[in-house]
Amino acid sequence: MVFAYLVRRVIGAVLLLLIVTAVTFAIFFLVPRLGGATADDLAGRYVGKSAGQEQIHNTAVRLGFTDPLYVQYGRFVKGLVVGQDYNYGTGIERCPAPCFGYSFLTQQPVWPDLVARIPVTASLAGGAAFIWLITGVGTGIVSALRRGSVLDRSLMSVALAGVSLPIFFTGLLSLSIFSYGLGWTQQGGINPLDETNPLWWAYDLILPWVTLAFLYAAAYARLTRAGMLETMNEDYVRTARAKGLTERTVILRHGLRSALTPILTIFGLDLGLLMGGAILTETTFSLPGIGQYAVIALRANDLPKVLGVTLVAAFFIVLANLVVDLLYAVVDPRVRIS
Amino acid sequence: MTTADTESTPVVPKIGEEILSVDGLVKHFPIRKGVLQRQVGAVQAVDGLTFNVTRGETLSLVGESGCGKTTTGRLLTRLLAPTSGKIVFEGRDISHLGEGRMRPLRRDVQMIFQDPYGSLNPRHTVGKIVGAPFRLQHVKTEHGVKRAVQELLELVGLSPEHYNRYPHEFSGGQRQRIGIARTLALRPKLIVADEPVSALDVSIQAQVVNLLEDLQEEFDLTYVMIAHDLSVVRHVSDRVAVMYLGKIVELADRVDLYEKPMHPYTVALLSAVPVPDTKRKGKQERIRLQGDVPSPINPPPACRFHTRCWKAQEICKTQEPPLVELKPGHQTACHFPENVEAPAAKADQ
Amino acid sequence: MTEPIEEVQDAPVQRVERGEAFLDVRNLQVHFPTDDGVVKSVDGVSFKLERGKTLGIVGESGSGKSVTSLSIMGLHPPGVAKISGQIFLDGQDLVSSSREEVRLLRGKRMAMIFQDPLSAMHPFYTVGRQIIEAYQVHNEVSKQVARKHAIEMLDRVGIPQPDRRVDAYPHQFSGGMRQRAMIAMALSCDPDLLIADEPTTALDVTVQAQILDLIRDLQREFNSAVIIITHDLGVVAELADDIQVMYAGRAAEYGTAEDIFDRPQHPYTWGLLGSMPRIDRERSERLIPIKGTPPSLINVPSGCAFNPRCNYAHLNDGLSQTERPELLDTGNGHLVACHLSPQNRRQAWETDIKPKL
């Protein structure tokens, strides 16, 4: 039964990703044509300025722009699974599976670039997630238990500020204070994580972590507080007290356990979303992650790269969704299929 | 004014004539499972009901949770579509009428709900709630909707000044009165009341029960009452249908059913009712059923009650007893009924 | 007792103050200050209960019956409720005890079962784990021992295959089984006082009968004191030795079950009895409801709280509107809080009420 559920969910996830690729593909390749651009117009960007009409047309044919859209899409999907060969005139470039496309501007496959950037984004998202979970949930619990107190009100005011202030404001502000002003932290960039320098890695990332985590911690504090206030009024919490459990056990084992379940869902989705690139944070702190890649690709109007980023982001979100749903069944026995 | 209104509505009450008839009514809710979401079973909420309701009477459906009484109520008012079977209201088959063609009939068939708070929109004033049926059905009122609503409020024992108040300003009993006023707005012929008093305090229950009885008399209403409280049911009903796991196991006149119940389940149900009489305390002459009601997903075969019945024999597990009239007006579905006068029936044991 | 010297002279007073009965509630008041005013949920309630006896507390919503029981258990959140009076459990005053002292009694010497067993059990933990937890708070035993005890308790309350069912989750139980499991949990530390708050209201009739039987049997076996709180007069009649009828935070009438059902004295009790249809009597043409609605606990009517709904208040020359009636003994411990003179009361009962019940 659990297996059937899993199979169903994985099939669903794959289908969803296929739809996402189709829609993204359609948007990037169909929309310019609807705007009146011909295949030749598209190919024009990839040849020299002095190229003649015939040369451009040859390029369009070579790159496959003249094929019907579904053929192009089929080729793209096939490339994802088995790889693809790109003919760039003077030779054939092999783009091995999973081929996320080939940037005709930089004459490079998209995938290796993306892979190289995943660790940066993962470092940023993972570290920030750790910080915001601890501080956000902690703040939420304290606020809920001291509801109405001065402490609660001040914590919630800070949280409100956190939710309302955008990253490019808090990020630049913290950079100007801690980095340019006090000189405590890096001005951006990152040392890759390996066994020799974990401290440097953390040192480089501490400011982006905190900035990003502040935004999320604020939201999580509010969520946790609301959840705790609700569950602490549940009948089963009263039962737990009636058994004579210590208040600490009542709060942590009975109240928090239930309050955290919905937060788990949101956490998974947030993390999935960030894995597709924390665009503002990466840009503000010059971190070479997926988000920054997306910005560069968009600026250069390099559609294959944009498509690749979109797919990777979609993949992480779908994956996070799946993981969350499976975890939910672990956490809440009522969801389990008996 | 109120009386003038009632006289103007062209209701020609014919007491004793059939207003509603139900034949082989079935409602299954499918359960889907597996990779392909195939239907692997069904909640057999209602599984073959046949009964009639006579104009002006109160027929009650009683039973424990999972017996399908609420689903039946929703089928009769066509809030749900039946899986199969026929519902005929005033000679017209309404079992598969679409929403549009059902609309005019909604004037005649109304429903009262258990939770008087959940069924009232908290953001609407009492005036708006009770007046809604007029607006929805585009009914012209002689002196305007407000006047009509205030008359209704008075009718159910509220004050016309309550017109501009909100539901949360009222107690549970008053809210139920608001619900009843809304139900009565279009002068329905048949009211299906799903546990109308079970959410109310004892002292308020009695007020609402009396109100329902008064209204029935005044407007020749026909009630189908859905309830689990057997004492209340005895008080309000003319006839009672006892349901168990989607089937009617006994259907009889009130006096007959309470004094000479024939189905063992009815007997057990009646003897389980706690009675406020200290003289009966501790006397263990009662029939105590073992266990809980089985799941309607996988009801026991043949007689569905056999797993809990103290009289069950082999035949009960293999052959379903039909609902038959063992006495005039008294139908029972049991191989070994109780309180049978004629020795012709199969003897127990 | 390690008391400082200056408190020595207080000691004898303390001893006098000790409750005599196993549970002795004296002039309990539970008030909730709100923005709209003080909600006087319980406003001066006293009763006694011995081991092996059952007290039924009957009343409608807002009568203060549940609030009373939660105060005994010390389950009102601190700072929200203002509690005064005394609650002696085996001689120890719970109102003046520290929260920690009361916590140590909860579950061990006094336990409670609630109305809706589905919401009263934690959905994420197995039934067994919840019972084990209840046992381990008060008993220094290993998990294995506690688990064995949990299985025994489940067996004792009539759950089939307890060694398998112990690992099931609450949602996998039927309503009746869940309430049995709740009872097993409440009784796991063998408490002296069991409070059952509407224990069968959420259950079907046939299952209700089983649970009432179970509570009665277990009480005999454990010789515990039981308080059963309900709005259902039929349920109290099944279980209770003594009954307290509550109205608007105070006791309207107190007596043995026979007193309350056979010779009730308070017009509110008459009203309750007249309101409920009886399956064991001739069907009456009409129920006799109590007029009006229960009062707001912020604005309790002056004098007798029941006077606006009482059919006999006019017989008391305005006393009902001005003076709160005390709960007085009418003989043999049958207490009534009513201004009616004995003659008027007897006459009303004999001519108006009794024939119609």
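Any read-out appearing in this document is the output of simple, stated calculations on the displayed coordinates, not a laboratory observation. Owing to the predicted nature of the structure, the values given are computational and were not obtained by experimental measurement. Glycine also receives a Cβ, built like all others from the backbone with ideal geometry; neighbour counts cover every protein chain displayed.
Could you list B:219, A:285 so that the one with the fewest beta carbons within 10 Å of its beta carbon is first and the one with the most is last?
Fewest-to-most ranking of B:219, A:285: B:219, A:285.
With only Lys, Arg, Asp and Glu charged, each at its Cβ (+1 for the first two, -1 for the last two), find how big the charge dipole of the stretch A:112-331 is about the Cα centre; round to the nearest 20 debye.
820
How large is the direction-averaged shadow of the alpha-carbon convex hull of chain A, in nm²?
For chain A, the mean projected area of the Cα convex hull comes to 23.5 nm².
Ranking C:66, B:159, A:179 by Cβ neighbours within 10 Å, fewest first, what do you get?
B:159, A:179, C:66
Once you have the alpha carbon radius of gyration of the stretch A:201-315, what is it after dividing by 2.2 N^0.38 Å, with N set to its residue count?
In units of the globular-protein estimate, the stretch A:201-315 measures up at 1.51.
Sort by residue number and report every cysteine in chain B with no other cysteine beta carbon within a distance under 4.7 Å.
Singleton cysteines: B:67, B:309, B:334.
In a GNM of chain C with a 10 Å cut-off on Cα contacts, which of C:347, C:136, C:219 has the highest mean-square fluctuation?
C:347
Would you mind pulling out the separation of the Cα centroids of the stretch C:197-241 and the stretch C:330-351, in Å?
Cα centroid to Cα centroid, the span is 29 Å.
Please get the size of the charge dipole for chain C, origin at its Cα centre, with Cβ charges of +1 on Lys and Arg and -1 on Asp and Glu, quoted in debye to the nearest 20.
Approximately 800 debye in magnitude.
Report the residue, chosen from B:315, B:226, B:94, that carries the largest GNM mean-square fluctuation when chain B is represented by alpha-carbon nodes joined by springs under 10 Å.
Comparing B:315, B:226, B:94 in a Gaussian network model of chain B, the most mobile one is B:315.
Give the angle, between 0 and 90 degrees and rounded to the nearest 10, that separates the Cα long axis of helix A:69-82 from the longest principal axis of the Cα atoms of chain A.
The angle comes out at about 70 degrees.
Just tell me, in residue order, which DSSP H segments of chain B are both 24 angstrom or longer along the helix axis (alpha-carbon based) and at least -1.0 in mean Kyte-Doolittle hydropathy.
Correct list, ordered by number: B:202-219.
Kindly express, to the nearest 10 degrees and within the range 0 to 90, the angle between helix A:257-275's C-alpha long axis and the longest C-alpha principal axis of chain A.
20
For chain C, evaluate the Debye formula with one uniform point scatterer on each Cα (no solvent term) and list log10 I(q)/I(0) at q = 0.15 Å⁻¹, rounded to two decimals.
Debye intensities relative to I(0), on a log10 scale: -1.32.
Considering only DSSP beta bridges where both residues belong to the stretch B:2-237, give the percentage that are antiparallel (nearest 5).
60
Pick from A:326, A:155, A:252 the residue whose mean-square fluctuation is largest in a GNM of chain A, springs joining Cα atoms under 10 Å.
Residue with maximal mean-square fluctuation among A:326, A:155, A:252: A:252.
Give me the Kirkwood hydrodynamic radius of the stretch B:244-323, using the inverse of the mean 1/r over all pairs of distinct Cα atoms, in Å to one decimal.
It is 14.1 Å.
Around residue B:20, which amide H atoms from residues at least 5 apart in sequence, or from another chain, sit under 5 Å from its own amide H, with H modelled in the peptide plane?
B:53, B:90
Given C-alpha coordinates of the stretch A:2-111, what is the ratio Rg to Rh with the Kirkwood estimate of Rh?
When Rh is taken as the Kirkwood radius, the ratio is 1.07.
What do you get for the angle between helix A:2-34 and the principal long axis of chain A? Use alpha-carbon atoms, 0 to 90 degrees, nearest ten.
The helix A:2-34 is inclined about 50 degrees to chain A.
What average count of beta carbons from other chains do you get within 10 Å of the Cβ of residues in C:131-144?
Mean shielding by partner chains, rounded to a whole number: 2.
Residue by residue through the stretch C:323-336, what is 3J(HN,Hα) from phi via Karplus (6.51 cos²θ - 1.76 cosθ + 1.60, θ = phi - 60°)? Round to whole Hz and write x for glycine and proline.
In residue order, the calculated couplings are 10, 6, x, 7, 7, 10, 6, 9, x, 6, x, 8, 9, 9 Hz.
Taking the number of other C-beta atoms within 10 Å as the exposure measure, put C:34, B:71, A:265 in order starting with the fewest.
C:34, A:265, B:71
Full-extension gain between residue A:33 and residue A:230, please, as 0.36 nm times their residue separation minus the C-alpha to C-alpha distance.
Taking residue A:33 through residue A:230 to full extension adds about 65.6 nm, to one decimal.
When the Cα atoms of chain B are enclosed in a convex hull and the volume is divided per residue, what value in Å³ results?
Normalising the Cα hull of chain B by residue number yields 170 Å³.
For peptide C:100-107, compute the average count of partner chain beta-carbon atoms within 10 Å of each residue's beta-carbon.
Mean shielding count: 3.
Average partner chain C-beta neighbours within 10 Å, per residue of B:289-300?
Per residue, the average neighbour count from other chains is 3.
Can you work out the base-10 log of I(q)/I(0) for the stretch C:210-357 at q = 0.08, 0.11, 0.12 1/Å, using the Debye formula on its C-alpha atoms alone?
Each listed q maps to, in turn, -0.25, -0.46, -0.55.
Can you give the local net charge around residue B:330? Use residues other than it whose beta-carbon is closer than 13 angstrom to its beta-carbon, Lys and Arg +1, Asp and Glu -1.
In short, -3.
From Cα coordinates alone, what are the radius of gyration and Dmax values for the protein assembly as shown in angstrom?
36.0, 120
Based on Cβ point charges of +1 for Lys and Arg and -1 for Asp and Glu, what charge dipole magnitude is obtained for the stretch A:2-111 about its Cα centre, in debye rounded to the nearest 20?
Computed about the Cα centre, the dipole is about 380 debye.
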